[in-house]
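No value in this document is a laboratory result; all are computed from the given coordinates. None of these values were measured; they are calculated from a predicted model. Quick reminder, even Gly has a Cβ in these numbers, built from the backbone with ideal geometry, and neighbours come from all protein chains shown.
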Amino acid sequence: MSHQIFVSAAILFVLVQTAGANPVSRRATITGGGGNGRCTVQVSVDHSAEVEISGDMGLLTTIAGQPASWRRFQCNAPLPSNPTDFRFLKTQGRGTMQMVQDPRRTGGRAVIHIADTQGGRSDYTFELHWRGPFGGGMARAMEACQDSVTHRLNGDGYRYVAFDRMMPADNPGRNDWITGRASGTRDFRTTHFSFSCSVDIRTGTVRWVDVRRR
């Protein structure tokens, strides 16, 4: 009987701890401005959580596991109620991230579901991009860069390519760059790489890509 009471109390404690962490709000740090809109969000997740972004406010809800926590929420402008050319881009995380509510259909509310099936806590980073008054295609360029890096590593025999860091240059112009880190598995060994892509922001295409082992 005492053992059952102990187990029940332990389960109740975990449930209370998780419930007490729901939800956690955070206001975005707004820096820069002008041009295309962009938000970078980083959270720490133990099992599963959802991130809701609306305007310059974020809401982090723990679904299972230990309480999720904010790491970073930075934008150059609040997410508008009807963003044009909206893109969701995964840049870091060992598990899965999926946009379950599109702000173009919800009046400006984006909801991202994060699932981490491995043990322990891990950081997850994603970016939201939308077209500003001057147009652009940074999100498409970043996606094209990922595709180019994946194609290059696949050609060298690497599989299960994953990206754990990806950042666009902050000085758009004729020579725009996207840099980051990736990993791939070959012969049951994981190798880490750094990469850089020369991109055309206007068309969202890659001019040139370089991948090097770290």
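Values for this structure:
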| read-out | value |
| --- | --- |
| Cβ-Cβ FRET estimate between Arg104 and Asp147, R0 fixed at 25 Å, reported to 0.05 | 0.60 |
| Stretchable slack from Arg71 to Met57, in nm (0.36 nm times residue separation minus alpha-carbon distance) | 3.6 nm |
| Order of Thr191, Thr29 under a 10 Å beta carbon neighbour criterion, fewest first | Thr29, Thr191 |
| Per principal axis, descending, Cα span of the stretch 34-110 in whole Å | 37, 23, 20 |
